[in-house]
Structure formats: structure tokens, C-alpha cells
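J.: If you scroll down you'll find the structure; I have some questions about it.
The values are calculated or read from the model by the stated rules, or taken from the named source; none is laboratory data. Model, not experiment: these values are computed from the prediction. In this analysis, Cβ positions are derived from the backbone assuming ideal geometry, glycine residues included, and neighbour counts consider all displayed protein chains. Accessible surface is based on the protein model in full, side chains and every heavy atom, while ligands, DNA and RNA are left aside. Shrake-Rupley method; radii C 1.70, N 1.55, O 1.52, S 1.80 Å.
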Amino acid sequence: MKGVLIFLVVFGHLIELYFHHDSVLRPLWIAIYTMHMPMFILISGMVSKAELNSRQSVQLVKNVLAPLLAFELIYETTEYLLTGKTSVYAGLIAPYWMLWYLMSLLSWRLMLPLFSRLRYPLFAALLVAGVTAYSEHSGYLLSLSRTMMFLPFFILGWQLGPDFWSKLPSSKAWMAVSALILIATLAICAHLPQDFDYRWLYGSFSLHRLGKATLEGSMYQALQYLCSVSAGFAALYLLSRRNLGLARLGQHSVYVFLWHGMALIVMNATGLLKQLFELPQFWRVTLAILASALITFITAHRWTAWLTEKLILQPVRSLLLAGQNKQ
């Protein structure tokens, strides 16, 4: 599941600047953004524990805080070298681009012990998300808007637990229904009006910023949750029924996540992305998929993982952790 989802993250980011007027890439991008991060967050919740003892706190520093700080510095330095100034994210006091997920993951993990004590944690998460969506100040700052917007998926994942998918029955009927849901999702995405406001899919804008700080806006948000869960669960159910041989890719998805942005920055700075999307439709779609697959493969390679750990993450962890916690 994580292997496919991380490929969709790379593909979605690769086509993000050029999909708007493409009859094939546009519905694909909208469908991907409807479900890929909600389901990634759901899976993160599934493998999270409600306790936060000393050992788990150390793991949180090692696996979330250290990569966040290390790659924030790497990406901001790259931005400065390319443009002569820091990024727009730095001005907003927000994580750089895709690194919002690590900031939000840190927040969700710290909030989970509190929500786990509640009688109805999912209802509480939905209530928090719905109320904070009205804030005029909710936005990119410290990834606050996305943290609140996607919190229900994390809590839902934690409630479902890591064995949820293996417990579901395998049947042709369920698979057919799941496939129909995905086909319907693509069909709906293909027929959305050209002026559809893509900002709803990012989760980084308050209802005030979206011009919908009304009951109608809350209903839009509820509909978005429903669409994400429907399409996402259909996709994950189908993936859970087949072994696609992507376990290693899923295990190394963090390295894909951390490095794919650098690959796309290089492609954009050298003009390769622009040239790719000037090709005829068949070739730009095909090459976009192949380029995304290549980036995913390289960044998930064991050598990428080893070098990232040895040269970047382990030194940062040594700086952050006390001596007895470095092991």
C-alpha cells in the first residue's frame, strides 16, 4: 500500500504545475489528491501507538523530528542557492513543501495519547477539524491547517489498527464494488468544471481563505472527507488483496518522500519538466509516469537509504539526542 501511495505522491507532485489543461492528467491529479495523503495518514495512524513512553519518544525524534530538521535545512539551502533568497515557506514559518507531512505527523503523534483517552476520539477529531477550519489564522503556519484538516484520518487509522485490512473478507463482489468506486471517482473528476478550486484538496487553507466560512463550507468539507474515505478505502482494499512485490518500496517510502522533491527541483530548474509537458499528450503522460517510477525507484534504493542514514540522519540524531538515547 505504501509503495503505491508513495509513487502517487511523486507522480502528483511531478505533474502539479502542468496538469490544469490536460484532459488526461487533470482528472488523474484530482483523483490522486482526493485520496493519496488521506490514506497515507490513515496508514500512519494504523501503525501508531497511543502510549508515548521514553522509547517511543526517542523513535519519534529519530524518525520524524530529525528528518524534518535535516531536510528543512537541505531544501532551504537549495532554494537559496538557486534563487538567492529563502523560500516562500520560510516567510510563512512553515515546513518546506512536502515536509509539512513530517510536521503534522509529529503533531498527530503527540496528540494521540490525549485523543485515545476520549470516549469518541474520531468524533472529537472531526469536531476539532470542523471548528478550526473557520479560523482566519489557520493556514501554512507550522502546517497548522493540514494538521487539523487531516487529523480525523490519523485517528481513524489508529482506531482501525494494523490488522484491519487482513481481517476483511476477500470476495469478487467486494473487489468489483471497489473497482466501480474508483472508476466513478475518475469519471467525476473528469467532469468537474474547469474553474474547480483545487485548494480544497491541499488542506492548507481555512474556510475563510476559500471564501466558504459558512455552513455550506462545512458541508463541502464533510463531502471531501466522504470522497476521500470512499475512494481511498476502495483503492486500499484492492491493494490489500494482491501482493505486488512492493514491500521494499513501502519500507523505504520515507527516503522517496524526502528526496523526490530534490529530483523535481532539478528537473524544473534545468527545464526538463517544461520540455516534457510540451510533448504530445501520449508522450507527456507516458513519460510523466516513467519519470515518476524512475525517481521512486532511485530514491527507494538501498544505497539511497544507506547514504541518507549515514551522511545525514545519523549525525542529526546525534546532535538531538542525549547519549543514552542514541542507540
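J.: Which residues, counting only those in the stretch 153-173, are touching a residue at least 60 places away in the same chain (Cβ under 8 Å) and among the aliphatic types (A, V, I, L, M)?
T.: Ile155, Leu156, Leu160, Leu168
Residues checked against (1) part of a helix (DSSP H, G or I); (2) in contact with a helix residue (DSSP H, G or I) (Cβ under 8 Å, 6 or more places away or on another chain); (3) open to solvent by 40 Å² or more (accessible area, probe 1.4 Å); (4) of a type outside the set (A, V, I, L, M, F, W, C):
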position	(1), (2), (3), (4)
Leu238	yes, yes, yes, no
Arg242	no, no, yes, yes
Ala263	yes, yes, no, no
Leu279	no, yes, yes, no
Ile289	yes, yes, yes, no
Ile295	yes, yes, no, no
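J.: Now for a different question. For Trp108, only one of the following conditions fails: (1) within 18 Å of the chain's Cα centre (by Cα); (2) over 21 Å from Phe154 (Cα atoms). What is its number?
T.: Single failed check for Trp108: (2).
J.: Which count do you get for residues in the stretch 42-64 that are open to solvent by 50 Å² or more (accessible area, probe 1.4 Å) and either in a helix (DSSP H, G or I) or touching a Ser or Thr at 6+ places or on another chain (Cβ under 6 Å) (or both)?
T.: 4
J.: Output the residues belonging to the stretch 192-221 that are in a helix (DSSP H, G or I), free of Cβ contacts under 8 Å to residues at least 24 places away in the same chain and of a type outside the set (Lys, Arg).
T.: Within the stretch 192-221, Leu215, Glu216, Met219, Tyr220 meet the criteria.
J.: If you don't mind, another one. Considering each residue of the stretch 192-201, count those that are under 22 Å from the mean Cα position of the chain (by Cα) and open to solvent by 50 Å² or more (accessible area, probe 1.4 Å), and give that number.
T.: Of the residues in that region, 2 qualify.
J.: What are the pairs, 6+ residues apart or on separate chains, where a residue within the stretch 52-72 that is in contact (Cβ under 8 Å) with a residue 60 or more places away in the chain has its Cβ under 8 Å from a residue that is of a type outside the set (A, V, I, L, M, F, W, C) and buried (at least 18 other Cβ atoms within 10 Å of the Cβ)?
T.: Correct list of pairs: Leu52/Arg109; Val61/Arg317; Lys62/Arg317; Ala66/Arg317; Phe71/Tyr96.
J.: Looking at the stretch 76-94, which of the residues that are over 20 Å from Ser145 (Cβ atoms) and hydroxyl-bearing (Ser, Thr, Tyr) is surrounded by the most Cβ atoms within 10 Å (Cβ to Cβ)? Steps first, answer last, please.
T.: Pass one, the stretch 76-94, residues over 20 Å from Ser145 (Cβ atoms): 76-86.
Those still in the list that are hydroxyl-bearing (Ser, Thr, Tyr) too: 77-78, 80, 83, 86.
On the way: Thr77: 11, Thr78: 17, Tyr80: 13, Thr83: 10, Thr86: 13.
Once the filter is applied, the top-ranked residue is Thr78.
J.: Quick check on the stretch 172-191. Is at least one of its residues assigned to a loop (DSSP other than H, G, I, E, B), surrounded by fewer than 16 Cβ atoms within 10 Å (Cβ to Cβ) and either within 22 Å of the chain's Cα centre (by Cα) or modelled with pLDDT of 90 or more (or both)?
T.: Yes, because at least one residue in the stretch 172-191 is assigned to a loop (DSSP other than H, G, I, E, B), surrounded by fewer than 16 Cβ atoms within 10 Å (Cβ to Cβ) and either within 22 Å of the chain's Cα centre (by Cα) or modelled with pLDDT of 90 or more (or both).
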